[in-house]
1. Before we move on, is Asp39 of a type in the set (D, E, K, R) and in contact (Cβ under 8 Å) with a residue 60 or more places away in the chain?
2. Taking strands (runs of 3 or more DSSP E) that fall entirely within the stretch 5-95, which contain at least 3 residues that are of a type in the set (A, V, I, L, M, F, W, C) and surrounded by 15 or more Cβ atoms within 10 Å (Cβ to Cβ)?
Amino acid sequence: MRDCFDGDCTLPLAKPTTIPLDAAKFHYSSLRVTAISADSLTFSVAYPQGGGAESSIGPGLGGASFGFRGSPSIEVGLTQAGGKPALVLQPGAIT
């Protein structure tokens with residue numbers, strides 16, 4: 001999961017997990033995958049000041065993203081890797 005720290009990875013997952021992120025770069029310290037299957041991915045991001053956001057997407061990249069003003073956004077996707085559902089993260093534009 002440390003491979004995703006820079007916001008750029010494809011990570012096969014079988015169960016919910018927390019993905020550490022570079023908070024100095026992205027403002028957010030982690031992304032929590034709360035559910036994953038071949039057909040859908042649900043994730044949440046906690047705001048450093050409290051609260052947060054949750055989103056669900058289907059297969060593909062760019063169905064969701066999150067970011068903080070002045071920091072690069074992170075695009076979130078769902079794909080298959082090695083026959084398992086996989087989280088995809090890619091750095092996006094500075095928001």
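Values in this text are rule-based calculations from the coordinates and carry no lab data. On a predicted model such as this, the values are computed, not experimentally measured, just so you know. Reconstructed Cβ throughout: ideal geometry from the backbone, glycine too, with neighbour counts over all protein chains shown.
1. Working: of a type in the set (D, E, K, R): yes; in contact (Cβ under 8 Å) with a residue 60 or more places away in the chain: no.
Taking the combined requirement at face value, the residue does not satisfy it.
2. Working: elements: 9-12, 17-20, 30-36, 41-46, 52-57, 60-66, 72-81, 84-94.
Once the strands (runs of 3 or more DSSP E) in the stretch 5-95 are filtered for at least 3 residues that are of a type in the set (A, V, I, L, M, F, W, C) and surrounded by 15 or more Cβ atoms within 10 Å (Cβ to Cβ), what remains is 30-36, 41-46, 60-66, 72-81, 84-94.
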